[in-house]
Ligand code: NDP
């Protein structure tokens with residue numbers, strides 16, 4: 001029987017998750033179908049219930065629904081609990097298990113694929129939505145010197161910092177106060193690049209030899225990455241993170257961690273960075 005999975009979001013048309021899960025399925029011989037589901041902004045729960053009623057076994061969740069997915073789950077993993085956000089749901093007849101694979105995906109991409117050491121670095125995280133929540137715990141576990149969180153809506157950055165303060169050295173900073181501070185890794189965890197927009201970051205925030213990492217993927221050199229490149233930083237988009245977090249979701253659903261390298265290379269052919 002073909003197993004049914006989906007990615008639920010708004011927007012969702014840009015998502016590459018269906019192609020990735022299809023490639024993993026071909027690699028591992030698992031019979032599955034993986035669709036894109038566009039849910040209205042206030043219609044997450046209804047969309048999931050309908051999908052489950054039609055035999056859905058699990059779902060990935062993207063913006064803006066990761067907090068709704070957390071609320072919907074009846075049980076969550078420790079990492080999803082810490083984040084207060086869920087990107088992977090697994091259904092059985094009565095229970096909904098929520099997990100968060102974004103952090104593993106980002107850390108694996110930075111540390112193992114990009115060979116970027118995280119320990120001891122100064123990290124600036126711009127954005128405080130579901131994606132930022134999911135990655136901060138696993139980043140702190142790598143032992144950076146500090147993570148500074150900045151966001152357009154300051155209160156949301158404050159909330160994340162309060163959540164993670166017991167775990168490591170994390171501070172909140174206003175976007176307007178970034179001038180005069182430098183970082184080794186600057187992560188754009190905002191949705192700004194979706195609209196070709198740019199969070200307000202001074203060029204001098206990028207320290208010499210720094211990495212500019214945009215979680216967005218498939219948009220080429222986004223305004224954020226262009227700024228990082230102008231500032232002398234090396235640049236990376238979120239394609240590697242996407243493939244790694246998908247592999248972790250695949251592991252949760254099917255008990256096998258697929259090979260990510262070939263899938264990443266295939267996708268990169270159609271999504272060059274410059
Ligand atoms: P959310 O909707 O939960 O959060 C959006 C965040 O972006 C908020 O911090 C919001 O600020 C900020 N924002 C939106 N528009 C702008 C703008 N024009 N200028 C400045 N800030 C802005 O989204 P997610 O956290 O789920 O996703 C964020 C991004 O990360 C998306 O681009 C998504 O595609 C990407 N992503 C990539 C993944 C990957 O595997 N590569 C995995 C997960 C996410 P405010 O609070 O003020 O509204």
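Values quoted throughout were computed directly from the atomic coordinates according to the rules given, and no laboratory measurement underlies them. Bear in mind that the values here come from a model prediction, so they are computed numbers and not experimental data. Glycine gets a Cβ as well: all are built from the backbone with ideal geometry, and neighbour counts include every protein chain shown.
Assorted remarks:
- Per residue, the convex hull volume that the Cα atoms of segment 46-154 enclose (Å³): 106 Å³
- Choice from 214, 184, 31 with maximal GNM fluctuation in the chain (Cα, 10 Å cutoff): 31
- Per residue, the convex hull spanned by the Cα atoms of segment 139-193 amounts to 95 cubic angstrom.
- Cα centroid separation, segment 61-109 to segment 226-274: 20 Å.
- For the chain, the spherically averaged projection of the C-alpha convex hull amounts to 13.4 nm².
- For the pair residue 177 and residue 162, label points projected 7 Å from Cα toward Cβ lie 1.6 nm apart.
- Cα gyration tensor, segment 103-234 - rounded (a/c under 1.5), prolate or oblate: rounded
- Using the rule -39500 (n - 2.57) for each DSSP H run of four or more residues, divided by the residues of the chain, the 222 nm mean residue ellipticity is -10500 deg cm²/dmol.
- For the chain, built as a Gaussian network whose Cα springs stay under 10 Å, the top-fluctuating residue of 195, 142, 159: 195
- DSSP bridge orientation in the chain - percent antiparallel, rounded to nearest 5: 15 percent
- Computed from the alpha carbon atoms alone, the convex hull of segment 85-124 holds 83 Å³ per residue.
- Residues 93, 193, 234 arranged by fewest to most Cβ contacts within 10 Å: 93, 234, 193
- Cα-based equivalent ellipsoid, segment 1-48: semi-axes from gyration tensor eigenvalues, Å: 23, 12, 5
- Percentage relative contact order, segment 209-274, counting C-alpha pairs under 8 Å, at least six apart: 35 percent
- The value of relative contact order for the chain, using C-alpha pairs under 8 Å at least six residues apart, is 15 percent.
- Calculated diffusion of segment 61-108, Stokes-Einstein form, Kirkwood radius summed over Cα pairs, 20 °C and 1.002 mPa s, µm²/s: 204 µm²/s
- Ellipsoid semi-axes in whole angstrom, largest first, where each is sqrt(5λ) of the Cα gyration tensor of segment 166-224: 21, 14, 12
- DSSP bridge pairs, segment 146-274: antiparallel proportion in percent, nearest 5: 0 percent
- Cα gyration tensor shape for segment 159-274, rounded if a/c is under 1.5, else prolate or oblate: oblate
- On Cα atoms only, tilt of 44-53 relative to the major axis of the chain in degrees: 30 degrees
- Rg in Å to one decimal, and Dmax rounded to a whole Å, for segment 26-97 via C-alpha atoms: 12.6, 37
- Take every Cα pair under 8 Å whose residues are at least 6 apart in sequence, average their separation, divide by the length of segment 44-90, and the relative contact order is 46 percent.
- Between helix 154-164 and the chain: long-axis angle, C-alpha atoms, 0 to 90°, nearest 10: 70 degrees
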